[in-house]
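Encoded as structure tokens, the structure appears first; notes follow it.
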Amino acid sequence: MSIQLRKKACAGGKKSLYLDIYHNNERHYEFLKIYLSKAITPQQTQSNKEALQLAESIRAKRELDLQASDYDYQPAFKKNINFIEFYEKQLADYQNKDIRLMKCSLFHFKKFAQKKGFENGINSKLITEDLCRQFRSYLEQVVNGETVNNYFTKFKRVINRAFEDNILTKDYSKGVKNTKSDGLKKNILDIDEIQKLAEATCSNETVKRAFLFSLNTGLRWVDVKALTWCNIDKKKLKFTQRKTKNSSKSSMVAMDLNQNALKVIGERGKPDDLVFNLPSHAGALKNLDTWVKSAGIEKHISWHCARHSFAVNLLDSEVVGADIKTVSTLLGHASIKHTEKYTHFLFERGKKAVNSLPEINF
């Protein structure tokens, strides 16, 4: 632990005094808003001396704050942390394979902060249980299904870390329920809607081709973005799912490509070349959103909807009627238990259709 009083040159010859705080292998800076002027007169020299004395007393107090932090005392310099900057640091240090969820969680929290009027970030003292609850409600408005749970889980992780680091006085997310949905809540594109998409213009042709490819293969975003020509041998696709490559024996997926998939991949490149040179995930979603609207489809469609649509359309007896074991294999699921959620969707759709039959008077 160390706290050093330092100076930073400012315009006009002034120097700003700040604290360089190093604690628990982390560095913080606290600018004291105390300045030293270029001393010419005895009065200016005396004023600088008093400013240094004040800054030194603050430094000594912060040192005591840190020493007391082991007893759940919140140091003063940690009361006014920019929470978004703290969130960004947690992302930078994140090493797990689901880092994309962490990135998306931060992205949506920034959007939420802007909507709340915090253009330059949210001060840590404004983080409350109510604000955590509001953020979860916001996620329910902008994303669907399990994504809400996934993004909010990452947010709760950051809140908990802020509590452990004494930036927050309590874990304000602990009382906010984050129930994981059992059913399939993602929007599904039926065959007619897929045809509308194929006919509509997309501002990014590569995004269009890649999304149509996912609709015909069930590939996740992370897999279609990393797909190279060595994964495609004539009319066969073979790849290892990035999400499950270290956790499932079913991570290797092999399938025949149908005519739709073969049409959209284009001219063959070198083995290590990407099949689709896609933009960032956020950029692709922006293109996708505009494209879906231009096709006249009034659904919130994410990239993962392509995977769900692929599964449901395969299981739908009116379209293909594939058995659940086949669909499970094509999706690379470890067991059919993961695939059963799609049959639940078809059941709900069937129940809705039955209930929509006109009433008969007798």
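The values are calculated or read from the model by the stated rules, or taken from the named source; none is laboratory data. Note that the coordinates shown come from a computational prediction; the quantities given were computed from them, not determined experimentally. Positions of Cβ are generated from backbone atoms using ideal geometry, with glycine treated the same way; all protein chains shown enter the neighbour counts.
Counting only residues that are among the small types (G, A, S), farther than 17 Å from T217 by Cβ and not assigned by TED's automatic domain parsing to the domain that holds N144, give me the helices (runs of 4 or more DSSP H) lying completely in region 252-330 with at least 2 of them.
Here the list reads 281-294.
Taking region 138-152 as the range and being of a type outside the set (D, E) and without any contact (Cβ under 8 Å) to a residue 12 or more places away in the chain as the test, only Q141 passes.
Of all the residues in region 111-155, those that are among the acidic types (D, E) and closer than 29 Å to K97 by Cβ number 2.
Can you name every residue in region 8-30 that is under 16 Å from K61 (Cβ atoms) and modelled with pLDDT of 80 or more?
Result: L17, Y18, L19, D20, I21, E30.
The rows are residues; the columns are (1) modelled with pLDDT of 90 or more; (2) assigned to a loop (DSSP other than H, G, I, E, B); (3) of a type in the set (S, T, N, Q).
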| position | (1), (2), (3) |
| --- | --- |
| R6 | yes, no, no |
| T45 | yes, no, yes |
| L52 | yes, no, no |
| N80 | no, yes, yes |
| K103 | yes, no, no |
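Residues that are touching a residue at least 40 places away in the same chain (Cβ under 8 Å) and surrounded by fewer than 20 Cβ atoms within 10 Å (Cβ to Cβ) within region 109-123 comprise just one, N123. Would you confirm, using the coordinates I've provided, whether R242 is touching a His at 6+ places or on another chain (Cβ under 8 Å) and either within 22 Å of V143 (Cβ to Cβ) or of a type in the set (S, T, Y) (or both)? In short, no.
Annotation note: of F213, F135, F155, the sole residue that is touching a helix residue (DSSP H, G or I) at 6+ places or on another chain (Cβ under 8 Å) and in contact (Cβ under 8 Å) with a residue 60 or more places away in the chain is F213.
Looking only at residues that are among the hydroxyl-bearing types (S, T, Y) and within 11 Å of F310 (Cα to Cα) in region 194-224, which one is modelled with the lowest pLDDT? So the residue we want is T217. Can you name the residue in region 124-135 that is closer than 19 Å to Q90 by Cβ and under 18 Å from the mean Cα position of the chain (by Cα) and, of all such residues, is surrounded by the fewest Cβ atoms within 10 Å (Cβ to Cβ)? The selected residue is C132.
Taking the conditions (1) closer than 30 Å to W303 by Cβ; (2) at pLDDT below 90; (3) in a helix (DSSP H, G or I) in turn, N96 satisfies each one other than (3).
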